[in-house]
Amino acid sequence: MGKRIVVIGAVACGPRAACRAKRLMPEAEVTLIDKDDLISYGACGIPYFISGDVPDENHLRETAFRMVRDVPFFENAKGIDHVLTRTLATEIDRERKVVRVKHLDSEKEEEIPYDNLVLAVGGIPQVPPIPGRDLDGVFTVSNLHQAMEIKNRLAQGQVERAVILGAGPIGLEMAEAFTDLWGVKTTVLEYFDQPLPRILDTPLARIVAHHLEEKGVRLVLNARVKEIRGQDGRVKEVVEEKETYPADLVIIATGVRPNVELAQKAGLLVNQGIVVNNRLQTSDPAIYAGGDCVEIPHLVLGRRVVMPFGSLANRHGRIIGDNLAGRPTSFPGTVGAFIMKCFDLAVGATGISLTVAREEGFEAEYALLNQTEREHYFPGAGFIFVELVFDRRTRRVLGFQAVGPHTDGTLARLYAVSSILPRRPTVEDLISLELPYAPPYTTALDPLHSLAHVAENLLTGGLVPIEWDEVLRRLREGDPNTVFIDTRHPREAEPLVKKYPGRWIHVEYDKIRREMDRIPRDKDVIFICNSSMRAYEAQRWLMAAGYTRTFVPLGGLNFVRRWGVEI
């Protein structure tokens, strides 16, 4: 008899580890355990099942060649010796090397011996202690059964109004699912002052917020939910401190926490999540752990974090399988590469945000850019909005964020930055990054290169920025010590010249040097264009001529337009 391997958890990491170990060690006796009867499904696809993009729940359980990953599949196709569903692992006896389990249908309990144990027990929804959270119609979307129930209620016309608590990735994906196909009036209540907090910084988060509103989703920021009320045991409304929102369905999407109860009970080392080494071994070398239940090194932060990503869970599974079979394989850590679909937008980030960077003690600054994701003359070229976070002292790139059309352009830039972040790249490294080029796919200077150039100009003092909020304040209050120089085409500038006479002055980009005498030296001069490219060049000409009070709002007018702000 070969090695006895017991894997607890059969959604992502667990099946991957079990199958890899069995392939490498056919003689091993592998047991796969899960408390649910539905196993090995694409949990990240649940919002798209609810939306109707994925028409059948079994599609989330299928292989690419259309075989459902059920118990017979793992036993027959993968050779797993024992697949125990509806079976709850209740205790680990490390001294005797047995797992105590309870078969939920029969109530029978038994002990299963192991030589190696794998904990792939995932995460648990983080539900705030709100009165009414247990009412019928309140869901956390934590498994496929809940997803099927939600979709059934939608299909039967039981849901006219939905309230989602949390504007993180799951909350926003569920908002799209309810609104886009089903036409449900959807409100998202977010505790923080922006969607996707700590993932995106304010400039890009505002684009997402406005896009949600454009698509019919009501987004309420700085929300403080007091209670979920029901009638006859079923949800009726959500009470926030300023307003009450009627609801036929409530989704609690306020995050997940690692499932560490079994590990703690067994005396394994646990901090935020289960502590593992680079081979994903716990403090007991015979026990491995991976996926949402573990904490792993963050290669930018330089400390351990919990990162509940399906991509990481699957990678962990293969690494664990290798190590079980005696093939030393390491997991180096994560940079937190993330992407999601938000209606017509692709939204992503990698590394850390400006907010997080400053909290962590970096001397962090940021650069903004909007540019077409492919050559402007190529049909279908859309704008991508990007941010680079970097350390001023070391010039190290700390993070990157992007919001663009729902194409592969955003993903491609995230791939590129994610691949170099583990090597602690500098702004100059990003400038030097070699990328492929053809007009249908990108620009001769990729948006990543242009963004790095903006960062370089900020670092060298060749670009003096001003925050858009400050620009809007001065414009709104009529600051007498500020003039706005619009470098765009006369037709574009004319409405604002008329709206703000004497303060909004049109000097077209190619006339800046000839008409410099029209620009006062005794006031703050703010240069305006759509992307900040012409504004930057105008600023450089004036700086060369001795002007000392010139500023450029990063990202240009295209940013504030995408915020829904009228100038």
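Derivation of every value follows stated rules applied to the coordinates shown; laboratory data play no part. Remember, predicted model here, so these are calculated numbers, not experimental data. Methodologically, a virtual Cβ is constructed for each residue, glycine included, from the backbone with ideal geometry; neighbour enumeration extends over all protein chains shown.
Odds and ends about this structure:
- Nearest-0.05 FRET efficiency for residue 464 and residue 152, computed from C-beta distance (R0 60 Å): 0.55
- Label sites at residue 58 and residue 479, each approximated as a point 7 angstrom past Cα along Cα to Cβ, lie 6.4 nm apart.
- Shape box of segment 465-562 [Cα atoms, principal axes, largest first, Å]: 32, 25, 24
- Take every DSSP beta bridge whose two residues both sit in the chain; close to 55 percent of them are antiparallel.
- Net +/- balance of residues flanking residue 527 in space, Cβ distance below 15 Å, scoring K and R +1, D and E -1: +2
- Using a cutoff of 8 angstrom between alpha carbon atoms and counting only pairs six or more residues apart, the relative contact order for segment 138-254 works out to 34 percent.
- Net charge over other residues, Cβ less than 12 angstrom from the Cβ of residue 37 (K, R count +1; D, E count -1): -1
- Each part gets one Cα centre, and for segment 288-316 versus segment 333-349 those centres are 16 Å apart.
- Compared with the direct C-alpha span, the chain from residue 181 to residue 394 gains 71.9 nm at full extension, assuming 0.36 nm per residue.
- Leading residue at positive end of dipole, the chain (Cβ point charges), from 550, 268, 564: 550
- Computed from backbone phi, the HN-Hα couplings of segment 339-347 come to 8, 8, 9, 10, 6, 8, 10, 9, 10 Hz, rounded to whole numbers (Karplus: 6.51 cos²θ - 1.76 cosθ + 1.60, θ = phi - 60°; Gly and Pro given as x).
- Applying the Kirkwood pairwise sum to the alpha-carbon positions of the chain produces a hydrodynamic radius of 26.2 angstrom.
- For segment 455-555, the dipole from Cβ point charges (+1 on Lys and Arg, -1 on Asp and Glu) about the Cα centre works out to 280 debye, to the nearest 20.
- Flagged links, alpha-carbon separation over 26 Å, of 108/151; 35/226; 102/236; 3/102; 185/341; 215/498: 108/151; 35/226; 102/236; 215/498
- For segment 138-254, the dipole from Cβ point charges (+1 on Lys and Arg, -1 on Asp and Glu) about the Cα centre works out to 160 debye, to the nearest 20.
- What separates the Cα centres of segment 121-195 and segment 2-25 is a distance of 32 Å.
- The Cβ shell under 13 Å around residue 210 holds other residues with a net charge of +1, Lys and Arg each +1, Asp and Glu each -1.
- The residue 115 and residue 566 beta-carbon pair, evaluated with R₀ = 41 Å, returns a calculated FRET efficiency of approximately 0.05.
- Computed from the C-beta positions of residue 102 and residue 229, the FRET efficiency with R₀ = 30 Å rounds to 0.25.
- Estimated dipole of the chain in Debye, rounded to 20 [Cβ of Lys and Arg +1, of Asp and Glu -1, Cα centre]: 980
- Cα-projected label distance for residue 509 with residue 444, points at 7 Å along beta-carbon direction, nm: 1.5
- Listed values for segment 321-336 are Karplus-derived 3J(HN,Hα) couplings in whole Hz (6.51 cos²θ - 1.76 cosθ + 1.60, θ = phi - 60°), namely x, 4, 5, 4, 8, x, 9, x, 9, 10, 9, x, x, 10, 10, x, and x replaces Gly and Pro.
- Positive-end residue, the chain charge dipole about Cα centroid, Cβ charges, pick of 163, 437, 12: 437
- Each Cα pair under 8 Å and six or more residues apart adds its sequence gap; the mean of these over the residue count of the chain is a relative contact order of 11 percent.
- Selected from 450, 228, 152, residue furthest toward positive end of dipole (the chain; charges at beta carbon): 450
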